[in-house]
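Take a look at the structure set out below.
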Amino acid sequence: MLKIENLHASIEDKEILRGVNLELKAGEVHAIMGPNGSGKSTLASVLIGREGYTVTGSVSFQGQDLLALSPEDRAAAGVFLAFQHPVEIPGVGNMYFMRTALNSLRRQRGQEELDPMDFLALAQERMKLVEMDQSFMSRSVNEGFSGGEKKRNEILQMAILEPTFAVLDETDSGLDIDALRVVANGVNALRSEGRAMLVITHHQRLLDYIVPDQVHVMVAGQIARSGGKDLAIELEENGYAGLGQQENADRMPVGSAR
Amino acid sequence: MTAPTTTTGISDEVRDLANQEYQYGFVTELDTDVAPRGLNEDIIRLISKKKNEPEWLLEWRLQAFRHWITLTEPTWQHVSYGPVDYQDIIYYAAPKPKKALASMDEVDPELREMFDKLGISVAEQERLSGVAVDVIVDSVSVATTFKDKLAAIGVIFCSFSEAVQDHPELVRKYLGSVIPYKDNFFASLNSAVFTDGSFCYIPKGVRCPMELSTYFRINAADTGQFERTLIIAEDDSYVSYLEGCTAPMRDTNQMHAAVVELVALDNAQIKYSTVQNWYPGDAEGKGGVYNFVTKRGLAAGVNSKISWTQVETGSAITWKYPGVVLKGDNSVGEFYSVALTARRQQADTGSKMVHIGKNTKSTIISKAISAGHGQNTYRGLVDIRHSAKGARNFTQCDSLLIGKDCGAHTFPYVEVKNPTGQVEHEASTSKIGEEQLLYCRQRGIPEEEAVSMIVNGFCREVFKMLPMEFAVEAQKLLSVSLEGSVG
C-alpha cells in the first residue's frame with residue numbers, strides 16, 4: 001500500500017530524514033520508535049505534505065506519487081494524520097468541521113455529500129468508539145479540550161473519515177492509563193484488512209494495547225532496526241544505545257525519552 | 001417622477017410601454033434637473049425647493065453649510081487618499097430611474113459571477129441589476145403589502161423626503177438631535193446637502209413584527225451620496241433595522257457621507273444591522289468608494305438599548321464610528337463589528353460609547369481582518385462622565401492577519417470621570433495559523449475553504465448577533481471577499 005524509498009528531508013539546510021525506507025501492506029500496523037529528534041514526527045509531516053521541507057526520494061501510495069499531491073489531495077487519497085498537537089480553531093464547531101471535512105473528501109471522490117442529519121447519525125455512532133459525548137460536537141474544534149480530549153477527538157475524526165492509511169503521531173503522549181485504553185480501543189476497532197497504520201510512539205506501553213505487526217527504530221533520520229513486537233520490549237530494557245550510527249543515538253532509555 | 005409601478009400581471013404591451021418610457025420619456029426632461037457642479041447657498045436653496053421643503057428645514061441646511069465652510073477636512077484618521085474637490089461634486093440630481101436592461105445577458109459578467117457566488121436568486125439578481133419590468137412590479141407589490149401591514153400598527157417607514165412632507169413635526173423634533181450639524185466635517189456637509197434616506201417611527205408599546213429593511217423601501221434606489229436616516233423608537237417599543245445588502249454595489253459617486261441618527265426612549269430597543277459591500281476598487285485600489293459615515297444612537301430613556309452590528313467588506317476607504325450616547329439610567333449600548341480589508345482597502349473604524357446615565361452598560365466587540373495590502377484600524381472611545389455612577393464597559397478588539405503585506409492597528413481611548421466606572425479592554429492580534437490551515441487541509445478541506453472557515457469562526461461572535469438570514473449572507477460575502485487572498 002505504502003512504499004517509502006530513500007526519503008530525505010531537510011529544513012533550512014539541516015537534514016532530518018537521511019534515507020528512510022519503509023513498506024506497509026494493507027491491513028498492517030507498524031510502530032516507529034526512537035529517541036527525540038530522530039525524525040519520527042518529521043516523517044509524519046512529510047507524509048501529509050507540511051510545507052517548509054526540502055524533500056527527495058519517493059513515496060508511492062497505492063500506486064500514486066504521494067509527494068506530488070497537495071495536503072488536501074493526499075487526504076482525499078486516503079491519508080490521515082492524528083496530530084501530536086491538534087490545533088484549536090476558535091468559533092468553528094467540531095461537528096461542522098468534521099462534516100465539512102467528510103463532505104470535502106466525498107466530493108473529491110465523486111461521492112454524494114451527507115446532509116446534517118445523516119452526518120449526525122454517523123457521528124453519534126462513531127463517538128461511542130472513543131467514549132465521547134455529544135457535548136464535544138457543539139464546542140469549537142479542540143478549543144479548551146484537555147490533552148486527552150484532543151487525542152480522542154483525533155481518533156474520532158479517523159473513525160469518521162475512514163482513511164486507508166493513518167499515521168498516529170504520539171497519540172499516547174500525555175494520556176493517563178484510562179485515556180490510553182480508550183484511545184487504543186478506538187484504534188483497534190478501526191484496524192481492518194484494507195487499512196494500514198503507522199504508530200509513532202516513545203513508549204512501549206502503547207504497544208501493549210495496539211499490538212503492531214512490525215516495529216521500526218528510527219535513529220538519526222534512518223530506520224536503524226526493524227523487527228517484530230519483541231523489538232519494542234528489547235528496547236524498553238536496553239535503550240537505543242548502539243542502534244544508530246551517530247550523534248542522536250547516545251544512551252537514551254525508552255522509558256525516559258520524554 | 002418615479003419608475004413605472006404597474007402592479008398586475010404584465011402583458012407584452014405593458015412591458016413594451018414601460019421600456020419605451022425609460023427610453024424616451026425621462027431622459028430629456030432629466031437633464032434640466034441636474035444642478036451645476038459645486039456647492040454654495042444657491043445650490044442648497046435649489047435642493048430644498050426641488051424637494052418642496054418647509055422653511056425651517058432650509059434654514060437648518062443653510063446653518064449647516066455656513067458652519068461647514070469654516071471647517072477643514074479631518075486628517076487624523078489612519079487612512080490616506082487623494083484630495084476631494086468638493087466644488088467638483090454635483091449636489092443635486094433628480095432621482096434617475098436606471099435604464100432597464102432587457103435581460104441578465106446585458107449585466108456585467110463580473111457582477112454576475114459575484115451574484116452566483118453569493119447564491120443570490122435569479123429574480124433577486126435581476127432586481128439588483130435593474131432588469132425587466134416584472135421584477136420591479138414584484139418588489140413593488142411586496143413592498144406595498146408590507147407597508148399596509150406596518151401602517152396597521154402605526155409604524156411609519158418611508159423615505160426621508162416623504163417624512164418631511166407627511167410628518168414634519170417628527171422630523172423637526174428629532175433631526176440633528178443626536179448628531180448636530182456641527183458634529184464633524186462630514187456630518188455638517190451631509191446636513192447641508194442630504195438628498196434622501198430612510199425614516200422610521202415606532203409608536204409607543206409597539207414591537208415591530210418584521211425586520212425593516214431598506215430592501216423594501218420603494219425608492220431605495222439612488223438615495224445619493226449624502227444619505228440621511230432617522231429612526232425613532234417611542235417608549236416600550238422595539239425595532240430591528242437592516243441596512244445594505246451583500247450584493248456588490250457599484251457607484252460612480254466616489255465619496256459617500258451618510259448620517260444615521262437613532263433615538264430610543266424609555267425601555268425602547270433599536271437593533272441596527274449593516275452589511276456594507278461598496279465597490280472596493282481594483283487590485284491597485286483605483287475607483288473604490290470612500291465611505292465616510294456618522295452613525296450615532298441616543299439611548300435617551302431609562303432601560304433603553306441600542307445595538308449596532310456591522311459587517312463591512314466593501315469600500316476603498318471606510319471611516320466610521322457608530323456609537324451610543326447612554327443618557328437614560330440603566331441604558332445599554334452595543335457594537336459588534338466585522339471589518340475586512342483586502343486588496344488596497346483601508347478602514348478606520350470602531351465605536352464611541354458615552355456614558356451619562358447611572359448603571360449604563362456598553363459592549364464593544366470588534367473583529368478586524370486584513371488580507372492583501374489591506375490596512376485595518378480600530379479606533380474607539382469609552383467616555384464615562386461624572387454622572388455615570390456604576391457604568392461598565394467591556395471592549396474586545398481582535399485582529400486577524402492573512403499574508404504579510406497587510407496591517408492591523410488599535411487605538412483605544414478611555415476616559416473615566418466617575419470612580420465607580422468599570423472598563424475592561426481585551427485585544428489580540430493573530431496571524432491566520434499555518435497550523436490551522438494544515439490541519440483543515442489534512443482533513444481534506446481545500447485551502448480557500450479552510451481560510452474562509454477559520455475567518456468565519458473568528459467572526460462568529462459578531463455573526464450570531466445578525467438576523468439569521470443576514471448572517472448566512474454575511475458569511476458567504478466574507479468568503480467571496482477573501483477569494484484569492486491566500487497562496
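Taking the Cβ of each residue in B:Ser80, B:Ser479 as the centre, tally the other Cβ atoms inside 10 Å and list the residues starting with the fewest.
B:Ser80, B:Ser479
For a quick check: with amide H placed at 1.01 Å from N, whose amide H comes under 5 Å from B:Lys295's, ignoring anything fewer than 5 positions away on the same chain?
The answer is B:Val260, B:Tyr321, B:Gly323.
Working out 0.36 nm times the residue gap between A:Glu112 and A:Asp176, then minus their Cα-Cα distance, what length gain in nm do you get to one decimal?
Length gained between A:Glu112 and A:Asp176: 19.1 nm.
Check A:Leu81: other-chain or 5+ apart residues with amide H under 5 Å from its amide H, H built from backbone geometry?
Here A:Val167 satisfy the definition.
Rounded to the nearest 0.05, what FRET efficiency is calculated for B:Glu447 and B:Ser177 with R0 set to 45 Å and r the Cβ-Cβ distance?
Rounded to the nearest 0.05, the efficiency is 0.35.
Near B:Lys50, which lysines are there with a Cα under 17 Å away, not counting those fewer than 8 places off in the same chain?
Within the straight-line limit of under 17 Å, B:Lys50 reaches these lysines: B:Lys96.
At q = 0.20 Å⁻¹, what log₁₀ I(q)/I(0) does a Debye calculation on the Cα points of the range B:347-453 give, no solvent, two decimals?
The Cα Debye sum returns log10 ratios of -0.93.
Report the gain in length on full extension from A:Val211 to A:Glu5: 0.36 nm times residue separation, minus Cα-Cα distance, nm rounded to one decimal.
Result: 71.7 nm gained on full extension.
Would you order B:Thr72, A:Thr56 from fewest to most other beta-carbon atoms within 10 Å of each residue's own beta-carbon?
B:Thr72, A:Thr56
Calculate the translational D of the range A:17-123 in whole µm² s⁻¹ from Stokes-Einstein, where the hydrodynamic radius comes from the Kirkwood formula applied to all Cα pairs, the temperature is 4 °C and the viscosity 1.567 mPa s.
80
Between A:Leu122 and A:Asp13, how many nm apart are label points set 7 Å from Cα along the C-beta direction?
4.8
So if R0 is 51 Å, what FRET efficiency would B:Ile69 and A:Ser135 give, r being the distance between their Cβ atoms, rounded to the nearest 0.05?
0.20
Relative to the present Cα-Cα distance, how much length would full extension add between B:Val414 and B:Met210 at 0.36 nm per residue of separation?
Length gained between B:Val414 and B:Met210: 69.8 nm.
Going by how many other Cβ atoms sit within 10 Å of their own, how do B:Glu448, B:Glu261 line up, fewest first?
Lowest to highest Cβ neighbour count: B:Glu448, B:Glu261.
Spelling out what I want: for every residue of the range A:200-210, take phi, set θ = phi - 60°, compute 6.51 cos²θ - 1.76 cosθ + 1.60 (Karplus), and round to whole Hz; glycine and proline get x.
Listing the rounded values in order: 9, 8, 8, 10, 5, 4, 4, 6, 6, 8, 9 Hz.
Excluding residues fewer than 8 places away in the same chain, name every one of the lysines whose C-alpha is closer than 18 Å to that of B:Lys404.
Partners within reach: B:Lys431.
Could you check the simple spin-label distance between A:Glu237 and B:Asn40, using points 7 Å along Cα→Cβ, in nm with one decimal?
For the pair A:Glu237/B:Asn40, the computed spacing is 10.6 nm.
Nothing charged except the Cβ atoms of Lys and Arg (+1) and of Asp and Glu (-1): what's the magnitude of the dipole of the range B:212-482 about its Cα centre? Round to the nearest 20 debye.
Here the range B:212-482 has a charge dipole of around 460 debye.
Using R₀ = 51 Å, calculate the FRET efficiency as 1/(1 + (r/R₀)^6) where r is the Cβ-Cβ separation of A:Ser58 and B:Glu469; round to 0.05.
According to the calculation, E is roughly 0.50.
Just in the range A:151-191: which trypsin sites (Lys or Arg not before Pro) are loop by DSSP and have at most 16 other Cβ atoms within 10 Å?
Sparse-neighbourhood loop trypsin sites (Lys or Arg not before Pro): A:Arg191.
Rank A:Pro163, A:Met137, A:Ser173 by how far each Cα sits towards the positive end of the charge dipole of the range A:40-195 (+1 on Lys, Arg Cβ; -1 on Asp, Glu Cβ) and give me just the farthest.
A:Pro163
Report relative contact order for the range A:2-240 in percent, whole number only (criteria: Cα-Cα under 8 Å, sequence separation at least 6).
It rounds to 30 percent for the range A:2-240.
How charged is the neighbourhood of A:Val217? Take every other residue with its Cβ under 13 Å from the Cβ of A:Val217, and add Lys/Arg as +1 and Asp/Glu as -1.
Around A:Val217, the surrounding residues sum to 0.
Principal axes first, then extents: for the Cα atoms of the range A:2-240, list largest minus smallest coordinate on each axis, whole Å, largest first.
49, 39, 35 Å, listed from the longest principal axis down.
Any chance you could check the Cα centroid distance between the range A:183-204 and the range A:99-145 for me, in angstrom?
Measuring centre to centre over Cα atoms gives 20 Å.
For the range B:212-482, compute the orientation-averaged projected area of the C-alpha convex hull (one quarter of its surface), in nm².
13.9
Using θ = phi - 60° and the Karplus relation 6.51 cos²θ - 1.76 cosθ + 1.60, list the HN-Hα couplings for the range B:398-411 in order, rounded to whole Hz, with x at every Gly or Pro.
10, 10, 10, 10, 10, x, 10, 9, 9, x, 9, 9, 10, 10
If Lys and Arg each add +1 and Asp and Glu each add -1, what is the summed charge of the other residues whose beta carbon sits under 13 Å from the beta carbon of B:Tyr81?
-1
Treating only the Cβ atoms of Lys and Arg (+1) and Asp and Glu (-1) as charged, compute the dipole magnitude of chain A about its Cα centre; round to the nearest 20 debye.
Computed charge dipole of chain A: roughly 120 debye.
What net charge is computed for the residues neighbouring A:Ala9, neighbours being all others with C-beta under 14 Å from the C-beta of A:Ala9, Lys and Arg scored +1, Asp and Glu -1?
Neighbour charge sum, excluding A:Ala9 itself: -1.
Step through the table entries B:Lys182/B:Lys367; A:Lys128/A:Lys151; B:Lys147/B:Lys173; B:Lys49/B:Lys147; B:Lys295/B:Lys352; B:Lys49/B:Lys182, compare each Cα-Cα distance with 21 Å, and write down the pairs that go over it.
Going by Cα-Cα distance, B:Lys182/B:Lys367; B:Lys147/B:Lys173; B:Lys49/B:Lys147; B:Lys49/B:Lys182 fall outside the 21 Å limit.
Excluding residues fewer than 8 places away in the same chain, name every one of the lysines whose C-alpha is closer than 20 Å to that of A:Lys25.
Cα-Cα hits under 20 Å: A:Lys3, A:Lys40, A:Lys229.
Throughout, read-outs are computed from the coordinates displayed, never taken from laboratory work. Keep in mind the model is a prediction, meaning the values are calculated, not measured. Note: ideal-geometry Cβ built from the backbone for every residue, glycine included; neighbour counts use all protein chains shown.
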